[in-house]
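As structure tokens, the structure follows; a few thoughts come after it.
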Amino acid sequence: MTLSKAPAIHPGEILRDLYLEPLGMSPYALAKTLRVPRTRIERIVAEKIGISADTALRLAKFFRTTPELWLNLQSTYDLKKQSAELAPELAQIPELGEAA
């Protein structure tokens with residue numbers, strides 16, 4: 001099991017750099033439009049929290065994307081971070097079929 005060597009990109013960076021900044025939209029304005037607490041979007045774009053299913057559905061509706069886009073960004077980020085953190089421990093786990 002190997003994940004690409006590309007750096008883990010937080011979905012908040014994608015939201016900020018590819019969606020909000022080109023639109024000239026603040027996290028507050030997006031939060032108001034999505035009908036969520038201002039702090040939720042602020043924390044996502046600050047890369048402090050991840051994107052939940054609820055938020056993915058709202059982002060997908062507003063930006064005319066899919067909720068899977070946002071959840072896939074989140075799960076890819078989570079897997080890359082965990083893979084790096086667990087690498088030494090994962091190296092100790094044999095794969096099925098290997099001699100013990």
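Structure summary
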item	result
Test set (1) over 25 Å from LEU23 (Cα atoms); (2) free of Cβ contacts under 8 Å to residues at least 40 places away in the same chain - LYS80 fails condition number	(2)
Selected residue [at pLDDT below 95 and either aromatic (Phe, Trp, Tyr) or more than 14 Å from LEU15 (Cβ to Cβ) (or both)] from GLU68, GLU95, GLU89	GLU95
Some residue of the stretch 26-48 being closer than 24 Å to LYS5 by Cα, free of Cβ contacts under 8 Å to residues at least 40 places away in the same chain and touching an Asp or Glu at 6+ places or on another chain (Cβ under 7 Å)	yes
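The values are calculated or read from the model by the stated rules, or taken from the named source; none is laboratory data. These numbers were taken from a predicted model, which means no experiment stands behind them. Glycine also receives a Cβ, built like all others from the backbone with ideal geometry; neighbour counts cover every protein chain displayed.
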